[in-house]
Amino acid sequence: NQIKGNREQYLQIAAINQSPYDDVLMQVLDDKVLLHDLLSNHSKNDFWPIGFVLPREKNAFKQHYSKCNNINDRINPEKKWIIKRPCGYGSHGNKIVSFSQAIKEADLQSDQGNILCQKLIQSPLCYEDKRFSIRVYVICFSREKEISVYLCSSGLMKLALSRDDDIKNQNDAYMTNSGRVEGDGATQYDFIFMKKFIDEKYVDGSYDTMWDLVRESVSHLMTDLCGLQSFFPEELTSRSKLFGSVPKILGFDYIIDQSLKPWLMEVNRFPGLESRGGNDARVKAEVVNLAWNIASKREFIDNSGSELDDNNFETLSIRLKHP
């Protein structure tokens, strides 16, 4: 039954989103190194920034730098790379580094496992001279040999603390998703606001064009993820299917460049669904409400044999079969 009134009730119910009985495939999304390995092997996944796993791919990283950087870059080395720990929430543990600093990080990691070093998006779309990321919510259901994926139209536009040209505070200029509370230096808007901003800055329909690319990237990623099914033991995958009626909410984080191309930064298997302010609380309540409404309708469909009417939801439904 739909909960009425208090939005916080939705967010409390969302605690189930942290269930240990997630589809085992979802664990790949949490690890940035595993996610990179999944996405970097396919040319269709050009929404994933250039990156190297260090120290494993240190030589390839050096070759790329020598080939792609001109003399001016070497004389004035800017911090054009970001170091990401395999697992970390909301930019925590990330570092903005130069090439030489990245190599030093690789050497330090020689006995501590791998890290991901990715090239920063150099021409990001900014709002009021600040970078922003977008949090796209994706709802999944895993049942038997099928994953059903729903792309939510509600989401968050998260601004960095500092202007993009703030050299002294590069972390605050680049990091947009560190779990800050609205009103505590953090600013967030919903997708209605973002659509208006993009369509006014470019032309009507520009937001929809960008959103088509987001939809395509989610579809490609989830399709590739399903392809990993055969690598996991049956006893692991069967456990998660016991909870196939429970919605799993994922958070896909993107940076949009000035050509309106969305670049995937990371996927959060446990996106924070607790309230952090006005827009934040409202959007998250909408997403949780939508997830459980879809779950209820799916149960009705299973029992009645009728079709799910996607017109009732502002979502894209993608049904993907495990091999």
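The values are calculated or read from the model by the stated rules, or taken from the named source; none is laboratory data. Model, not experiment: these values are computed from the prediction. Neighbour counts run over all protein chains shown; Cβ positions are idealised from the backbone, glycine included. Just the protein is used for accessible areas: all its heavy atoms, side chains included, with ligands, DNA and RNA removed. Shrake-Rupley method; radii C 1.70, N 1.55, O 1.52, S 1.80 Å.
Observations
- Residues (open to solvent by less than 80 Å² (accessible area, probe 1.4 Å) and either at pLDDT below 90 or assigned to a helix (DSSP H, G or I) (or both)) located in the range 80-97: Lys80, Arg85, Pro86, Gly88, Tyr89, Gly90, Ser91, Gly93, Asn94, Ile96
- Taken over the range 247-268, residues that are buried (at least 20 other Cβ atoms within 10 Å of the Cβ) and not in a strand (DSSP E or B) amount to 1.
- Any pair with Cβ under 9 angstrom, 6 or more apart, that starts in the range 246-261 at a residue that is on the phi > 0 side of the Ramachandran plot and ends at one that is of a type in the set (Ser, Thr, Tyr): Leu260/Tyr202; Leu260/Ser206; Leu260/Tyr207; Leu260/Thr209
- Candidates in the range 124-154 are the residues that are of a type in the set (D, E, K, R) and surrounded by 22 or more Cβ atoms within 10 Å (Cβ to Cβ); of these, the one that is nearest to Cys226 (Cα to Cα) is Arg135.
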